[in-house]
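Visitor: The structure's right below; bear with me while I get my questions together.
The values are calculated or read from the model by the stated rules, or taken from the named source; none is laboratory data. The shown structure was predicted, so the numbers you read here are calculated from the model rather than taken from an experiment. For neighbour counting, all protein chains shown are included, and Cβ atoms are generated from backbone atoms with ideal geometry for every residue, glycine included.
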Amino acid sequence: MTPILSVENLGHTFPGPAGWFGARKRFRAVGEVDFELHPGEILGVVGESGCGKSTLARLIMRLYEPTDGTIRFEGTDITHLSRRALQPLRRRFQMVFQDPYSSIDPRQTIAEALTEPFEVQGVGLSAAARRAEIERLLALVALDPAMAGSHPHHLSGGQKQRVGIARALALGPRLIAFDEPTASLDVSVQAQVVELLLRLRRELDLTYLFISHDLALVDYLCDRVMVMYLGRVVEILPRGAPPRHPYTQALLAAAFAPDPKVRRHIVRITGEIPSGYDVPTGCAFAARCPLVEDTCRAIRPALVGDGHHAVACHLAPPIASES
Amino acid sequence: MIARLVDRLMWRGPRPGIAPIVAGAALLCLVAAAFLSPWIAPWPYDQQMLAEADRAPSLAHWFGTDEFGRDVLSRVLFGARTSLSVALVSISVSCSLGMAIGAICGYVGGPVDRWVMAAIDMTWCFPEILLALLLVAILGPGSTSTVLAIAIAYLAQFTRLTRSQIRALKRETFVEASLCFGAGPAHILLRRLLPNAVAPVVVVAMLTTGDAILLEATLGFFGMGAQPPTPSWGGMMSSGSELLFEAPWVILWPGAAIAASVIAINLFGDGVLVALDVKKRRRTH
């Protein structure tokens, strides 16, 4: 099965603040990211704030120009396609953003927001087709069709996020990247949105890249989880698999699991994430790792494993011992 | 925006109070007077009646006559045409040019922004009046060069304001959403950014129109504005200043007209500022 999305050695470096004279410092946001996403799959991306999750999603959506690596969407290399060449392909991958409050232009009505994708793509819709399309999209995300005429400030956060999802669905995409879609919503609304996402995936046969820092949510929703630290993938693991990287173990230990029968080995981590302006030569996690050895500081561990479970750690037990 | 303004001025939403309404009405009268001056002025503005020079206000000449026996009321009415049209045209030119440059600089950023803004900022090194006098001295006196001079004198403030608006707006998520659909720079700028940036710029443009009237009058006073016999308020005050004690009405009426229009514009602009909720709007969405 060809992957819907395949990312190889993807990296992005932001130029630092510009001065009139002298060289800029460079900020390494994402580096050496490799993964494949198969049709129908939900891949979760987790990590602390600032670990490059959102940058990764924006790179894949080609909102930022990647500085290294390649992105293949359905076999086509889209890494450096021009805006015009990319335009028809954009119908097939879309993004839903974290902040529903600023993701819709406050001057647009909901109907205008939902038809903007067609307008940008140059799809001429008759008045009747336009109305039908708006109704279809609102029904898809279970919103009242009467909302079409209202402005975003009349809607609740959850309703706005539904509009954001409907707008991403407008052009009939195969892949949707979600950048913490539930992070700014109430817990009760979060649950509704998550159920909506699962239903949409079933009904429309979608593939999701789901960015979140909510580990319980990712565990519930995703088939595989990619753990990022300082712009790099430290582990990709299938749902429910025991974590091998000390960072993943620490993350999971920090998550709340209300089951007294599950005895967990608590890994404590201290200290701060190193800066992307000055990425360490060895393992990025070395400064905080409880198991750190000299090799970790000197040599950066590669991501090794089979198609299902891969880990970037010198000290992780070999994958073969699993199962 | 117009609907919103009418809404707010009709006491729905934040109340701007009574002053802007009165000021707005006064402005309307002023503009109407300027438009209708050929029909409502009792005398032609350039008809000289030397026998009746320097007459105090009377029933025949409500505002009196000047040193050539011309009717001051008629000249103030015709002068409104010159002063208001010069101010309006120059601010429109300045505002649209400033918005275009500011929007492009703010959106594109980088070296283009840096160098263009550095050039625009140089106009800020001079007081407006000095800059305008300099430009008129180069271009030669007359209405067209006055318009250009005033437009360039206020260009920097419109450019700066638009640029800062666009720079803030382009980081909004809805811009990323549009980019995700494949929108190009024209769509982003014209459909997403500029409509959201226009309200504060319009308010500043209104308030600046008052300053432009003053600047036009100043240039006219120095003889650098509209040339005789075309009446302008500044020019009238200039000739009236020589007769300050013999015929004070010659300088008084155009001066009052300038003061009244500047005050009216400022009060009305303040009302619009409150009504459009320019400061609060960005945060409340």
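Visitor: Sort out which residues of the stretch B:216-234 are farther than 23 Å from residue B:58 by Cα, at pLDDT 80 or above and surrounded by 22 or more Cβ atoms within 10 Å (Cβ to Cβ), and write them in order of number.
Guide: Within the stretch B:216-234, B:216, B:217, B:219, B:220, B:224, B:234 meet the criteria.
Visitor: Among (1) over 19 Å from the mean Cα position of the chain (by Cα); (2) of a type in the set (Lys, Arg); (3) crowded, with 23+ Cβ neighbours inside 10 Å, where does residue A:136 come up short?
Guide: Failing condition for residue A:136: (3).
Visitor: Anything in the stretch A:132-146 that is touching a residue at least 12 places away in the same chain (Cβ under 8 Å) and either basic (Lys, Arg) or closer than 19 Å to residue A:193 by Cβ (or both)? List them, or say none.
Guide: If the condition is that a residue be touching a residue at least 12 places away in the same chain (Cβ under 8 Å) and either basic (Lys, Arg) or closer than 19 Å to residue A:193 by Cβ (or both), then A:137, A:138, A:140, A:141, A:142, A:143 are the ones that fit.
Visitor: I'm trying to understand the selection: among the residues of the stretch A:79-91, which are within 10 Å of another protein chain (Cβ to nearest Cβ), assigned to a loop (DSSP other than H, G, I, E, B) and surrounded by 15 or more Cβ atoms within 10 Å (Cβ to Cβ)?
Guide: The answer is A:87, and nothing else.
Visitor: Could you list all residues from the stretch A:75-120 that are in contact (Cβ under 8 Å) with a residue 24 or more places away in the chain and of a type in the set (Val, Ile, Thr)?
Guide: Listed by number, the residues that qualify are A:96, A:104, A:109, A:110, A:115.
Visitor: Here's another thing I want to ask about it. Condition check: more than 17 Å from the chain's Cα centre (by Cα), touching a residue at least 12 places away in the same chain (Cβ under 8 Å) and more than 23 Å from residue B:89 (Cβ to Cβ). Does residue B:133 satisfy that? Full working, then the answer.
Guide: Numbers: more than 17 Å from the chain's Cα centre (by Cα): yes; touching a residue at least 12 places away in the same chain (Cβ under 8 Å): yes; more than 23 Å from residue B:89 (Cβ to Cβ): no.
No; evaluated as a whole, the condition is false for this residue.
Visitor: Limited to the stretch A:195-209, what total is found for residues that are under 20 Å from residue A:74 (Cβ atoms) and not aliphatic (A, V, I, L, M)? So that I can check it myself, show each step before the final result.
Guide: The first filter runs over the stretch A:195-209 and keeps only residues under 20 Å from residue A:74 (Cβ atoms), leaving A:200-201, A:204-209.
Of the ones still in play, those that are also not aliphatic (A, V, I, L, M) are A:201, A:205, A:207-208.
The total comes to 4.
Visitor: Between B:58, B:74, B:37, which is modelled with pLDDT under 85, surrounded by fewer than 16 Cβ atoms within 10 Å (Cβ to Cβ), out of contact with any Cys (no Cβ under 6 Å at 6 or more places or on another chain) and more than 29 Å from residue B:193 (Cα to Cα)?
Guide: Values: B:74 fails: surrounded by fewer than 16 Cβ atoms within 10 Å (Cβ to Cβ); B:37 fails: surrounded by fewer than 16 Cβ atoms within 10 Å (Cβ to Cβ).
Matching residue, one of B:58, B:74, B:37: B:58.
Visitor: Let me ask another. Condition test on residue B:184, is it surrounded by fewer than 18 Cβ atoms within 10 Å (Cβ to Cβ) and within 14 Å of chain A (Cβ to nearest Cβ)? I'd like the intermediate steps shown before the answer.
Guide: Values: surrounded by fewer than 18 Cβ atoms within 10 Å (Cβ to Cβ): yes; within 14 Å of chain A (Cβ to nearest Cβ): yes.
Yes; evaluated as a whole, the condition is true for this residue.
Visitor: Here's another thing I want to ask about it. If we scan the stretch B:98-113, do we find a residue that is crowded, with 24+ Cβ neighbours inside 10 Å, modelled with pLDDT under 90 and within 22 Å of residue B:265 (Cα to Cα)?
Guide: Scanning the stretch B:98-113, I find no residue that is crowded, with 24+ Cβ neighbours inside 10 Å, modelled with pLDDT under 90 and within 22 Å of residue B:265 (Cα to Cα), so the answer is no.
Visitor: Given the criteria charged (D, E, K, R) and touching a helix residue (DSSP H, G or I) at 6+ places or on another chain (Cβ under 8 Å), does residue B:171 qualify? Walk me through it before giving the result.
Guide: Working: charged (D, E, K, R): yes; touching a helix residue (DSSP H, G or I) at 6+ places or on another chain (Cβ under 8 Å): no.
Against the criterion (charged (D, E, K, R) and touching a helix residue (DSSP H, G or I) at 6+ places or on another chain (Cβ under 8 Å)), residue B:171 does not qualify.
Visitor: Report whether or not residue A:134 is more than 9 Å from chain B (Cβ to nearest Cβ) and more than 21 Å from residue A:164 (Cβ to Cβ). Steps first, please.
Guide: Details: more than 9 Å from chain B (Cβ to nearest Cβ): yes; more than 21 Å from residue A:164 (Cβ to Cβ): no.
When the stated conditions are applied, residue A:134 does not pass them.
Visitor: Something else about it: Taking the conditions exactly as written (away from chain A (no Cβ under 14 Å), touching a strand residue (DSSP E or B) at 6+ places or on another chain (Cβ under 9 Å) and either modelled with pLDDT of 80 or more or more than 30 Å from residue A:105 (Cβ to Cβ) (or both)), does residue B:262 satisfy them or not? Spell out the reasoning first.
Guide: Numbers: away from chain A (no Cβ under 14 Å): yes; touching a strand residue (DSSP E or B) at 6+ places or on another chain (Cβ under 9 Å): no; either modelled with pLDDT of 80 or more or more than 30 Å from residue A:105 (Cβ to Cβ) (or both): yes.
For residue B:262, the condition - away from chain A (no Cβ under 14 Å), touching a strand residue (DSSP E or B) at 6+ places or on another chain (Cβ under 9 Å) and either modelled with pLDDT of 80 or more or more than 30 Å from residue A:105 (Cβ to Cβ) (or both) - is not met.
Visitor: Can you confirm whether residue A:112 is touching a helix residue (DSSP H, G or I) at 6+ places or on another chain (Cβ under 6 Å), surrounded by fewer than 21 Cβ atoms within 10 Å (Cβ to Cβ) and not polar (S, T, N, Q)? I'd like the intermediate steps shown before the answer.
Guide: Details: touching a helix residue (DSSP H, G or I) at 6+ places or on another chain (Cβ under 6 Å): no; surrounded by fewer than 21 Cβ atoms within 10 Å (Cβ to Cβ): yes; not polar (S, T, N, Q): yes.
Taking the combined requirement at face value, the residue does not satisfy it.
Visitor: Right, here's the next one. If a residue has to be in a loop (DSSP other than H, G, I, E, B) and either of a type in the set (Val, Ile, Thr) or modelled with pLDDT under 85 (or both) to count, how many in the stretch A:294-323 make the cut? Let's see the steps before the verdict.
Guide: Looking only at the stretch A:294-323, we keep the residues that are in a loop (DSSP other than H, G, I, E, B), and these are A:299-303, A:306-309, A:312-318, A:322-323.
After this cut, where a residue has to be either of a type in the set (Val, Ile, Thr) or modelled with pLDDT under 85 (or both) as well, the list is A:299, A:306-308, A:315-318, A:322-323.
Qualifying residue count for the region: 10.
Visitor: Which of the following residues is assigned to a strand (DSSP E or B) and facing another protein chain (nearest Cβ under 9 Å): A:98, A:94, A:108? Full working, then the answer.
Guide: On the way: A:98 fails: assigned to a strand (DSSP E or B); A:108 fails: assigned to a strand (DSSP E or B).
One residue alone meets the criteria, A:94.
Visitor: Right, here's the next one. Condition first: within 20 Å of the chain's Cα centre (by Cα) and in a helix (DSSP H, G or I). Now tell me which residues in the stretch B:136-152 satisfy that.
Guide: Initial filter on the stretch B:136-152 (within 20 Å of the chain's Cα centre (by Cα)): B:136, B:141-152.
B:136, B:143, B:144, B:145, B:146, B:147, B:148, B:149, B:150, B:151, B:152 - these are the residues of the stretch B:136-152 that are within 20 Å of the chain's Cα centre (by Cα) and in a helix (DSSP H, G or I).
Visitor: Okay, next question. Of the numbered conditions (1) crowded, with 19+ Cβ neighbours inside 10 Å; (2) farther than 15 Å from residue B:97 by Cα; (3) under 18 Å from the mean Cα position of the chain (by Cα), residue B:155 satisfies every one except a single condition; which is it?
Guide: (2)
Visitor: Please indicate, with yes or no, whether at least one residue in the stretch B:193-212 is within 14 Å of another protein chain (Cβ to nearest Cβ) and buried (at least 22 other Cβ atoms within 10 Å of the Cβ).
Guide: Yes - at least one qualifying residue is present in the stretch B:193-212.
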